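Next up is a structure, given as structure tokens.
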Amino acid sequence: MVACSSLSRTIAFVGGGNMGSALVGGIVRDGWSASDILVLDNSSANRTRLAATYGVSVTAASDETLARMDVVVWAVKPDAMRAAAAVGALSPAALHISVVAGVRLSDICAWLGTARVVRAMPNTPAQVGAGVTGLFAGEGADRSDRNLVERIFRSVGMVLWVDSDRQMDAVTAVSGSGPAYFFHFLEGLQAAAERLGFSPEDSRDIVLRVGHGAIQQAMQDRIGLSTLRGRVTSKGGTTEAALAVLDRHRTKEAMIEAAIAACERATAIGAQFGNADKAFLLAGKILR
Ligand SMILES: NC(=O)c1ccc[n+]([C@@H]2O[C@H](COP(=O)([O-])OP(=O)(O)OC[C@H]3O[C@@H](n4cnc5c(N)ncnc54)[C@H](OP(=O)(O)O)[C@@H]3O)[C@@H](O)[C@H]2O)c1
């Protein structure tokens, strides 16, 4: 694999919090030269930590360095994105990547005044290199831009391309919110372990090991999940008794309904940001 550093691109992160830090860590480990990375963050704690951990340049305020960057990654909270995008000096030729949850590609393009934008939706396991990131490219992003973006997000897990904001809402519902569904399920199993007499510490360890083991097995065997489940379920046995209770409570149907609710909520949030933008434009406060 060709190292990122061989591309000699300069990259800036606007926002060096949880996600900005995860991505900086990922690309540095992947070979991107720390001297080509700039992080812009309001928080002095984030700046100090990133400079000390990765040797990247940090700054509190936008300066002429930002204007020279080849790539700008936007990693601020959704409600801060619009103001952040109004930053003065940006290279008109830069490739922009937004990891800002919920804000639609068309809004980001309008705020930045360019279509050379890729919207990305990573999830929290990206912070430990095990993320799933959905990517949606704007019209101005060409094949080499897409390759570069893929490389950046592969440094923190797997990537998949989609071709609409609607599909990004689906990514948000399945992989973005997905870790919380697993935690919710694991919490239930941990409570069961405690009820059956294990200490809270042992219960947590057992449940995490079971979850990890089951997922590792599924990834290695690459057969259908229902076949794997069937292999653990003997007629008249303990697993069958447990699954009968889960079926009675329609847990699978509940999971589907939950993910659909998340998808609809993602769409509503995206519309809210877009409408807020329109209200802003109507008020005559156009920033660019
Ligand atoms: N965390 C995740 O796993 C995850 C997953 C998917 C998507 N995302 C998305 O990633 C984005 C960042 O999330 P996060 O958890 O990394 O947030 P975070 O930890 O709060 O980091 C954002 C940082 O950006 C700084 N900031 C805000 N506006 C700025 C500006 N104009 N210039 C410079 N710095 C600025 C903030 O400083 P102040 O707070 O002091 O203003 C903060 O330190 C969000 O839009 C989120 O939806 C995150």
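Hey, with R₀ at 35 Å, roughly what FRET efficiency would Q272 and A241 work out to, going by the Cβ-Cβ distance, to 0.05?
0.15
Follow-up. Select from G224, G211, G16 the residue whose mean-square fluctuation is largest in a Gaussian network model of the chain (Cα-Cα springs shorter than 10 Å).
With Cα springs under 10 Å in the chain, the top fluctuation among G224, G211, G16 is at G224.
Something else: Could you calculate, for the range 126-258, the ratio of the Cα radius of gyration to the Kirkwood radius, expressed as Rg to Rh? It would help to have the intermediate numbers written out before the result.
Details: Rg = 18.8 Å, Rh = 17.8 Å.
Answer for the range 126-258: 1.06.
Given H placed 1.01 Å from N in the peptide plane, which residues other than close sequence neighbours of V58 have an amide H under 5 Å from its amide H?
V39
Skipping prolines and chain starts, which residues have an amide H placed within reach, meaning under 5 Å, of the one on V118, given they are 5 or more residues away or on another chain?
Result for V118 returns H96, I97, S98, G138.
Whole number please: convex hull volume per residue of the Cα set in the chain, in Å³?
Cα convex hull per residue, to the nearest whole number: 159 Å³.
Sequence gap at least 6, Cα distance under 8 Å: using those rules, report the relative contact order of the chain to the nearest whole percent.
Value for the chain: 14 percent.
What order, most packed first, do the peptides 193-203, 236-246 have when packing is the mean number of other Cβ atoms within 10 Å of each residue?
Listed from highest to lowest mean packing, they are 193-203, 236-246.
Which of rounded, prolate, oblate describes the range 36-183, given a ≥ b ≥ c as roots of the alpha-carbon gyration tensor eigenvalues and a/c under 1.5 marking rounded, otherwise prolate only if a/b is larger than b/c? Intermediate values should be presented prior to the final figure.
Values: a/c = 1.62, a/b = 1.20, b/c = 1.35.
Oblate is the answer for the range 36-183, as a/c is 1.5 or above yet b/c matches or exceeds a/b.
Once phi is turned into ³J(HN,Hα) by the Karplus curve 6.51 cos²θ - 1.76 cosθ + 1.60 with θ = phi - 60°, what whole-Hz value does each residue of the range 172-183 show in order, with x for glycine and proline?
Per residue, the Karplus-derived 3J(HN,Hα) values read 4, 5, 8, 9, x, 7, x, x, 5, 5, 5, 4 Hz.
I'd like to check one number: the per residue accessible area of the chain, probe 1.4 Å, reported in Å² as a whole number.
Value returned for the chain: 55 Å² of accessible area per residue.
Whenever you get a sec, compute what percent of the accessible area on the range 186-250 sits on carbon and sulfur atoms (1.4 Å probe).
Values: 2960 of 5280 Å².
For the range 186-250, the apolar C and S fraction of the accessible surface comes to 56 percent.
Convert each backbone phi in the range 222-228 into a coupling constant with the Karplus relation 6.51 cos²θ - 1.76 cosθ + 1.60 (shift: θ = phi - 60°), then list the ³J(HN,Hα) values in order as whole Hz, x for Gly and Pro.
For the range 222-228, the Karplus curve yields 6, 10, x, 5, 5, 5, 4 Hz.
The values are calculated or read from the model by the stated rules, or taken from the named source; none is laboratory data. Predicted model, so just to flag it, every value in this text is computed and none were measured. All Cβ positions, glycine included, derive from the backbone under ideal geometry; neighbour counts span all protein chains shown. For the accessible areas, the whole protein counts, side chains as well, though only heavy atoms, and no ligand, DNA or RNA atoms are used. Shrake-Rupley method; radii C 1.70, N 1.55, O 1.52, S 1.80 Å.
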